[in-house]
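To keep things clear, I will list the structure first and then write my remarks on it.
The values are calculated or read from the model by the stated rules, or taken from the named source; none is laboratory data. No experiment lies behind these values; they were computed from the predicted model shown. Counting neighbours? That spans all protein chains shown, and the Cβs are built from the backbone with ideal geometry, glycine included. For accessibility, only protein heavy atoms count, side chains too; no ligands or nucleic acids. Shrake-Rupley method; radii C 1.70, N 1.55, O 1.52, S 1.80 Å.
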Amino acid sequence: QVRLVESGGGLVQAGDSLTLSCAASGRIFSTSVISWFRQAPGKEREFVAAITWSSGTTNYADSVKGRFAISRDNAKNTVYLQMNSLKPEDTAIYYCAARWAYSIRSSDYATWGQGTQVTVSS
């Protein structure tokens, strides 16, 4: 019912910044939360950050707290992930996902974007 499209990934050096975008379209009326997850090769998909659409309340994984910031532009139906002080261990495919309620469990989400690759070199 909701379509999500990520963009903004790329190759950067350690310490650089990068901003990812997640554009939502379709039936977004029942969507309350947009979350970012990431998955590195051979690893499970892990929670990164979430934002509640109506209130702007945010949640972050401990591994990115203080470095990443999630925000929204209501007029554009877009969620952003501002990533600062990037580290090689941040290298992963980054996905956005939509759900009616907040969760850090990837298995709770049924609506996903296609992912965008972020590669951080040392």
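Are there trypsin sites (Lys or Arg not before Pro) in region 18-122 that DSSP marks as loop and that have at most 12 other Cβ atoms within 10 Å, and which are they?
On the way: sites: 27, 38, 43, 45, 65, 67, 72, 76, 99, 105; in loops: 27, 43, 45, 65, 67, 105.
Counting only loop positions with at most 12 other Cβ atoms within 10 Å, the trypsin sites (Lys or Arg not before Pro) in region 18-122 are 27, 43, 65, 105.
So if we plug the beta-carbon distance of residue 73 and residue 114 into 1/(1 + (r/R0)^6) with R0 = 22 Å, what FRET efficiency do we get, rounded to 0.05?
Computed FRET efficiency for residue 73 and residue 114: 0.60.
Ignoring ligands, DNA and RNA, what percent of the accessible area of the chain is carbon or sulfur (1.4 Å)?
Ligands and nucleic acids excluded, carbon and sulfur reach 48 percent.
Once you list every other residue whose beta carbon is under 14 Å from the beta carbon of residue 23, what net charge do they have if Lys and Arg are +1 and Asp and Glu are -1? All intermediate terms of the calculation are to be shown ahead of the outcome.
On the way: positive: 3, 72, 76; negative: 6, 73.
Counting the neighbours of residue 23, the net charge comes to +1.
Identify the residues of region 18-52 with backbone N under 19 Å of a label point that sits 7 angstrom from the Cα of residue 101 along the Cα-to-Cβ direction, or state none.
What the label zone holds, given the 19 Å backbone N cut-off, is 29-36, 50-52.
Reachable lysines from residue 43, Cα under 23 Å, same-chain residues fewer than 8 places away excluded?
Cross-link targets: 65, 87.
Can you give the accessible area per residue of region 52-122, in Å², using a 1.4 Å probe?
52 Å²
Two-decimal Rg/Rh of the chain from alpha-carbon positions, Kirkwood Rh?
Taking Rg over the Kirkwood Rh, I get 0.94.
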